[in-house]
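**Student:** One structure follows; several queries about it will come next.
Readers should treat all values here as calculations from the given coordinates under stated rules, not as data from a laboratory. Worth saying up front: this structure is predicted, and the values here are computed from it rather than measured. No Cβ is skipped: glycine too gets one built from the backbone with ideal geometry, and neighbour counts run over all protein chains shown.
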Amino acid sequence: MKKRVIAVLLAAGMCVSALAGCGNSSKPDGAGEEGKVINVYCWNNEFSDRVNAIYPEVKEVSEDGTVTILNDGTEIHWIINPNQDGVYQQKLDEALLNQASAAADDKIDIFLSETDYVNKYTDAEADVAMPLADLGINPDTDLKDQYGFTRTTASDMNGVQRGSTWQCCPGLLVYRRDIAKDVFGTDDPAVIGEKVKDWDTIKVTAEELKAKGYYTFASYADTFRLYGNSISDSWVKQGETTINVDKKIIDWINDSKEWLDAGYLNKTVKGQWNDDWNKSMGSDSKVFAFLLPAWGIDFVLKPNWDGDEGIWAVTNPPQEYNWGGSYIHACTGTDNPEHVKDIILAMTATEDNLLKISKDYSDFTNTTNGMKKATTDASFASAFLGGQNPFVYFAPVAENIKIAPLSAYDQGCVELIQNAFSDYFQGKVDYDKAKTNFETAIKERYPDITEINWQDQME
Amino acid sequence: MKSKKPSVIRSIIVHSVLIILAFMCLFFFYILIVNATRSHADLQKGFSALPGKEFLTNLNKVANDGTFPMFRGILNSLIVSGASAAICTYFSSLTAYGLYAYDFKLKKIAFTFIMAILVMPTQVTAMGFLRLITKMGMYDSLLPLIIPSIASPAVFYFMFSYLQSSLPLSLVEAARIDGSGEFRTFNQIVLPIMKPAIAVQAIFTFVGSWNNYFVPALVIQSKDKMTVPILIATLRGADYMNFDSAKIYMMIMVAIVPIIIIYLLLSKYIIAGVTLGGVKE
Amino acid sequence: MKKRQKSISYAKWGYYFILPFFLCYFIFSLIPLVDTVRYSFFEYYRSGIKEIGPTFIGLDNYVSLLESDMLRYGANTLILWVIGFIPQIGIALLLAVWFTDIRLKIHGKQFFKVVIYLPNLIMASAFAMLFFTMFSTNGPVNSILMSMGVIKEKIDFMGSTFGTRSLVGFMNFLMWFGNTTIMLMAAIMGISVDVFEAAEIDGCRGIKRFWYIILPLIRPILAYTLITAIIGGLQMFDVPQILTNGQGAPDRTSMTLIMFLNSHLKSKNYGMAGALSVYLFIVSGILCFIVYRMTNRNDSDEAKTAAKRRAREERRRRK
């Protein structure tokens, strides 16, 4: 019994020292031997499917899909943890803390992150995602065909790019042709695009739709990305502990309240990803339009639509925006830098591969040249959109996206501000109470936040 | 005999209450079954009261997915839940009997201690637990999901309460006079008396362990060791090309079948417990 | 020799029998637990993937928790618990008595017994998922009520405090009343048939039988039920978490203490989470102590009945 206790105490002691040893992570020894195992941390099989389909070095995939064997015998081990309840980030964080002490074949070589929290991992001080330059990738030449904003997103505060993505998620306004004909007498995307070109114009249009008994959008959450992507300062500035609730976010709050009260939005649809939202995409719904990226049309809208094909069409949104995107990072301490470099280049910087992804998975991919080609390629036209080629509209949006300044706190801020003000929109609490609720929630999520600065008094 | 009318009325009340409750309980299963028989596209459109025709399609999709080890997951869950239920009820009975039947110096302290830890919220210690088992080399193994159930304060307390109400110490004394060893007395005389209690707690432990997501999700890493709730979470987290809510409902349904079978098996023991009651006095 | 040692040597068996439990507890729970308590005095959390602390800050965590809305969440938890628990224990007692009453002919008894426990078999998260679908504004419950003419406008169940709390209470009731029934049934079945027969002869039936025979005799198990229900209530998490998406909406009125704890754990705030756990520990300890005292009234009473029982057995054996 006593011996056991001592053993356990020793174990606990080791644990502490292992944690302490994590501050100074070691760099890979450049020219050394490459490891036999490439460990990839991700939250689903999206990336592994793409690699298995596109990456030319793939020899075979194990039956259960957990291991991919490359031509030179190196194995890619896919370590998949569900996103639910934050398990993915929790496991990744634990593994990153143990990275320095892990055996070579257990070290993380590649990990993935999403736009909402990419900044947490590209942080220069944390240094868990390697600068691409250290891998031998020159972002300015090797990745020059990528959309600029995706490169900015994957860079740290000093502008050092620490990740790269194969996808690019510009969003459009997707609308019902039958409603457009009923209200405006035409379903021409160019005409409708004119009617929704900015927030002032679309408000006039919303009044027209309302007169005929239609809602412009389903929910206040639908418009959030447009405002949230155009904030002028990041939610939290580097080195500070103050949250800035940007003027644009205040605009979203005020506009949403106004739109909801005016009846431009459907009151019964509370946020996204619920049954009511899904139903508002059906043929019985009175909702005119949705704001969705390429994957949204294919994955959300299509399965919910129960009418004929060709009823929907796309046009420009009132404001350029981006929604979603997964980033590939080389993990500091990897023992396979050459392989990682090759995978990143093949998956995110090779036009033919990216065009194949676009074709096979209806993704809008990260190649300006390739996407330009798609705009004139009739094979990219969509029957669901009545023969319209959506890339004609996607490509210019992608080029004009100015990504909002990011911070490591974005995921929580975006999520919690929508939740807190949802009560306010529905009239459950007043404006000030909603503010307090947001402040409480954000301080729980990020204990280091000391102050919340609302830019709602300024003019 | 004297009051036939009230008993008829009583019978009507009893039956209507039971029918209402049974309806409420079964209704949700009905919804689950309906949802499991519809396709993802149908489900997205909203609720339907009538089952669809996709039952076999959905079942095939879940069962024959090479990257999704459904049978393996069910087997793992059976091992973990079965072993947990067995050792949890056995050792809890043992501990309860130890504290009930014997007098020793630390008895009071031990009892108070267990009662105190009974109220500790379990969520809190998860991270420390994870670090500990990693250092003990049990990360990504089924053992840390099973062994800790030896020490289940709540089950112990139930067993203890049950012993208090059902085991006269005279029976133990009688066994001693007959020359039975202490351990044998426990296994051959006390355990049979505790059968109803063990059956009840075995069901609860089994179900609790079967549906546990939090701890296994932290501990288990490799695909061939995943338990059912992690698999369901994996389905839910699938990327948009593969996301299929019909598969999720089907998996939830598949996951329930084994526990229903176990439950039916054990519930017979509870009934048998009534007849066993005669042993006592 | 053997006879002389008898009374002493049995004591060691007590230690043997409880050893596995304590060994296991010390290894798998106590060490993490001690960690938890220790960190409650530290500032210790993660910012991004950087660890901040641990820095010793004394009782600061405890103080700032008192200044937070913790007590409000405590009240929420209590309300949610009461809404679910009162019907749960009431129905469970009623059913347990009915099911164990040999004179009461229930058709399909076995069927009902099986069915009432079924909701407990589904994972709470899956159950909440189903509930969410059922009670959404455009969901089936609203459609049914509308077509029956009960309501004119769709009810936004999860939009109001009352609606959300009732739903959470209802779900907890539905999930747990079967469990409680089974437990109480096992307790009542543990009562000797002789006792019932004797009572029958004395004309003790119906309410009287319940009040004077069953209730006192299942007191230990009832106490167990109450204590585990209180602990379960204090630890209420899954159902409101999933139903309100972790927000306790609207206006955090369905936020329970463990949801509050979870939001600290999510941010890896071990210090604050530790302090909150200690508070929870103290509160549930006090509550359980009160219940335990109440149901076991005083030891002398207990001893007397035990003595009586023993005397009776003694007499019987002599016969």
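**Student:** Quick one: give the max-minus-min coordinate of the C-alpha atoms of the protein assembly as shown along each principal axis, largest first, in Å.
**Tutor:** Extents along the principal axes, in whole Å: 104, 73, 56.
**Student:** Separate question: Would you mind ranking A:VAL429, B:VAL200 so that the residue whose beta carbon has the fewest other beta carbons within 10 Å leads the list?
**Tutor:** On the way: A:VAL429 20, B:VAL200 27.
Going from least to most buried by this count: A:VAL429, B:VAL200.
**Student:** For the charge dipole of region C:66-268, defined by +1 on Lys and Arg C-beta atoms and -1 on Asp and Glu C-beta atoms about the Cα centroid, which residue among C:LEU243, C:GLY108, C:THR181 has the Cα displaced farthest towards the positive pole?
**Tutor:** In region C:66-268, that residue is C:GLY108.
**Student:** Work out the P(r) tail for region B:67-223: percent of alpha carbon pairs separated by more than 22 Å, whole number.
**Tutor:** It works out to 50 percent of all Cα pairs.
**Student:** For chain B, modelled as a GNM with alpha-carbon contacts under 10 angstrom, which of B:ASN64, B:ASN76, B:ASN35 fluctuates the most?
**Tutor:** B:ASN64
**Student:** What helices does chain C hold that run 30 Å or longer along their axis, going by alpha-carbon atoms, with a Kyte-Doolittle average of -1.0 or more, using DSSP H for the helix calls? Intermediate results must be reported in sequence, preceding the final value.
**Tutor:** Working: long enough: C:2-25 (35 Å, -0.17); C:70-100 (43 Å, 1.54); C:161-190 (42 Å, 1.04); C:270-295 (36 Å, 1.58).
Span-like helices, by this rule, are C:2-25, C:70-100, C:161-190, C:270-295.
**Student:** Same structure again: Helix check for chain A. Which DSSP H runs span at least 24 Å along their own axis by Cα, with a mean Kyte-Doolittle hydropathy no less than 0.5?
**Tutor:** Values: long enough: A:2-20 (27 Å, 1.49).
Span-like helices in chain A: A:2-20.
**Student:** Run the helix sum for chain A: -39,500 (n - 2.57) per DSSP H stretch of 4+ residues, divided by residue count, reported at 222 nm to the nearest 500 deg cm²/dmol.
**Tutor:** Details: 19 runs with 185 residues, N = 459.
Helix-only estimate at 222 nm: -11500 deg cm²/dmol.
**Student:** So which chymotrypsin sites (Phe, Trp or Tyr not before Pro) in region C:237-293 end up in coil per DSSP with only 11 or fewer other C-beta atoms within 10 Å? Don't jump to the answer; show the numbers that get you there.
**Tutor:** Numbers: sites: C:PHE237, C:PHE260, C:TYR270, C:TYR279, C:PHE281, C:PHE289, C:TYR292; in loops: C:PHE237.
The qualifying sites: there are none.
**Student:** I would also like to ask the following. Over all Cα pairs of chain B, how is the pair count split among 10 Å bins, expressed in % and running from 0 up to the last occupied bin?
**Tutor:** 6, 21, 25, 23, 16, 7, 2, 0
**Student:** Could you work out, residue by residue across C:192-199, how many beta carbons of other chains sit within 10 Å of that residue's beta carbon, and then give the average as an integer?
**Tutor:** Working: counts 6, 6, 4, 1, 0, 0, 0, 0.
Average neighbour count from other chains, rounded to a whole number: 2.
**Student:** For the protein assembly as shown, build the charge dipole from Cβ charges (+1 Lys, Arg; -1 Asp, Glu) around the Cα centre, then report which of A:GLN319, C:PRO216, A:LEU143 sits farthest towards its positive end.
**Tutor:** Of the options given, the answer is C:PRO216.
**Student:** For C:42-53, what's the mean count of beta carbons from other chains sitting within 10 Å of each residue's beta carbon?
**Tutor:** On the way: counts 0, 2, 1, 3, 6, 10, 14, 14, 9, 6, 2, 1.
So the per-residue partner count for this stretch is 6.
**Student:** How long, wide and thick is chain C, going by the Cα atoms along their three principal axes, in whole angstroms, largest first?
**Tutor:** 76, 65, 28
**Student:** With +1 on each Lys and Arg Cβ and -1 on each Asp and Glu Cβ, and nothing else charged, work out how big the dipole of chain A is about its Cα centre, in Debye to the nearest 20.
**Tutor:** Details: 42 positive and 72 negative charges, 156 e Å.
Dipole size: approximately 740 debye.
**Student:** Under a straight-distance cross-link criterion of Cα-Cα below 14 Å, which aspartates and glutamates are reachable from A:LYS356, leaving out those fewer than 8 residues away in the same chain?
**Tutor:** Cα-Cα hits under 14 Å: A:ASP49, A:ASP377.
**Student:** Counting only complete DSSP H runs, which helices of chain B cover 20 Å or more along their long axis at the Cα atoms and score a mean Kyte-Doolittle of 0.5 or above?
**Tutor:** Working: long enough: B:4-36 (47 Å, 1.77); B:70-101 (45 Å, 1.04); B:195-210 (22 Å, 1.04); B:245-276 (46 Å, 1.98).
Long hydrophobic helices here: B:4-36, B:70-101, B:195-210, B:245-276.
**Student:** When the Cα atoms of chain A are enclosed in a convex hull and the volume is divided per residue, what value in Å³ results?
**Tutor:** Values: hull volume 82.4 nm³, N = 459.
Residue-normalised Cα hull volume stands at 180 Å³.
**Student:** Using just the alpha carbons, could you tell me how many Å³ per residue the convex hull of region A:263-352 encloses?
**Tutor:** Values: hull volume 16.2 nm³, N = 90.
It is 180 Å³ per residue.
**Student:** Place a +1 charge on the Cβ of each Lys and Arg in region C:27-155 and a -1 charge on the Cβ of each Asp and Glu, then give the dipole magnitude about the Cα centre in debye, rounded to the nearest 20.
**Tutor:** Details: 10 positive and 8 negative charges, 161 e Å.
I would put it at about 780 debye.
**Student:** On to the next question. Between B:SER7 and C:ILE86, what FRET efficiency follows from the Cβ-Cβ distance if R0 is 22 Å, with the result rounded to 0.05?
**Tutor:** Calculated transfer efficiency: 0.20.
**Student:** Follow-up question, since we're still on this one. Indicate, rounded to the nearest 5 percent, the antiparallel portion of the DSSP beta bridges found entirely in the protein assembly as shown.
**Tutor:** Details: 32 of 47 bridges.
So the antiparallel bridges in the protein assembly as shown amount to around 70 percent.
**Student:** Another question, then. Let me know the charge dipole size of region B:60-279 about its Cα centre in debye, to the nearest 20, where only the beta-carbon of Lys, Arg (+1) and Asp, Glu (-1) is charged.
**Tutor:** Details: 15 positive and 9 negative charges, 35 e Å.
Result for region B:60-279 is approximately 160 debye, rounded to the nearest 20.
**Student:** Taking the beta-carbon count within 10 Å as an exposure proxy, list C:CYS204, A:CYS413 from fewest neighbours to most. Mind showing how you got there, number by number?
**Tutor:** Details: C:CYS204 16, A:CYS413 28.
Going from sparsest to densest Cβ surroundings: C:CYS204, A:CYS413.
**Student:** Can I ask one more? For the residues A:TRP259, A:TRP273, what sequence is obtained by ranking on other C-beta atoms within 10 Å, fewest first?
**Tutor:** Details: A:TRP259 20, A:TRP273 9.
Result, fewest neighbours first: A:TRP273, A:TRP259.
**Student:** Among C:PHE170, A:THR115, B:ILE20, whose Cα sits farthest toward the positive end of the charge dipole of the protein assembly as shown (+1 at Cβ of Lys/Arg, -1 at Cβ of Asp/Glu, about the Cα centre)?
**Tutor:** Of the listed residues, the answer is B:ILE20.
**Student:** At 222 nm, what helix-only mean residue ellipticity would chain C give, in deg cm²/dmol to the nearest 500, using -39500 (n - 2.57) for each DSSP H run of four or more?
**Tutor:** Rounded to the nearest 500, it is -22500 deg cm²/dmol.
**Student:** Hey, for a label at A:ASN453 modelled as a point 7 Å past Cα toward Cβ, could you say which residues of region A:407-427 have their backbone N under 11 Å away?
**Tutor:** None, by backbone N distance to the label point.
**Student:** Quick one: of A:LYS433/C:LYS154; A:LYS247/A:LYS302; B:LYS105/B:LYS135, which pairs are farther than 30 Å apart, Cα to Cα? Each step should come with its number before you reach the end.
**Tutor:** On the way: A:LYS433/C:LYS154 27 Å; A:LYS247/A:LYS302 35 Å; B:LYS105/B:LYS135 35 Å.
Over 30 Å apart, Cα to Cα: A:LYS247/A:LYS302; B:LYS105/B:LYS135.
**Student:** Determine how many Å³ per residue the convex hull of the Cα atoms of region B:4-54 encloses. Walk me through the numbers on the way to the answer.
**Tutor:** Numbers: hull volume 3.6 nm³, N = 51.
Convex hull of Cα atoms, per residue: 71 Å³.
**Student:** Here's something else I'd like to know. When only DSSP loop residues count, what GluC sites (Glu not before Pro) in region A:35-129 have their Cβ near at most 10 other Cβ atoms within 10 Å? Don't skip to the end; give the middle numbers.
**Tutor:** Values: sites: A:GLU46, A:GLU57, A:GLU60, A:GLU63, A:GLU75, A:GLU94, A:GLU114, A:GLU125; in loops: A:GLU57, A:GLU63, A:GLU125.
Hits after loop and neighbour filter: A:GLU63.
**Student:** Specify the residue with the greatest mean-square fluctuation among B:GLN164, B:GLN188, B:GLN221, computed from a Gaussian network of chain B linking alpha-carbon atoms under 10 Å apart.
**Tutor:** B:GLN188
**Student:** Now a separate question. Take every residue in peptide A:417-430, count the Cβ atoms of other chains within 10 Å of its Cβ, and give the average of those counts. Could the numbers behind the result be given before it?
**Tutor:** Values: counts 0, 1, 7, 4, 0, 5, 7, 2, 0, 5, 2, 7, 3, 0.
Averaged over the peptide's residues, the number is 3.
**Student:** If you keep only loop residues by DSSP, which trypsin sites (Lys or Arg not before Pro) in region C:39-108 have at most 11 other Cβ atoms within 10 Å of their Cβ? Provide the component values of the computation, followed by the final result.
**Tutor:** Details: sites: C:ARG46, C:LYS50, C:ARG72, C:ARG103, C:LYS105; in loops: C:ARG103, C:LYS105.
In loop regions of region C:39-108 (DSSP not H, G, I, E or B), the sparsely surrounded trypsin sites (Lys or Arg not before Pro) are C:ARG103, C:LYS105.
**Student:** Classify region C:1-121: rounded, prolate or oblate, from the alpha-carbon gyration tensor (a ≥ b ≥ c, eigenvalue square roots; a/c under 1.5 rounded; otherwise prolate if a/b is larger than b/c)?
**Tutor:** Oblate is the answer for region C:1-121, as a/c is 1.5 or above yet b/c matches or exceeds a/b.
**Student:** Related question: Could you tell me what percent of the DSSP beta bridges with both partners in chain A are antiparallel, to the nearest 5?
**Tutor:** Numbers: 27 of 42 bridges.
Percent antiparallel among DSSP bridges in chain A is about 65.
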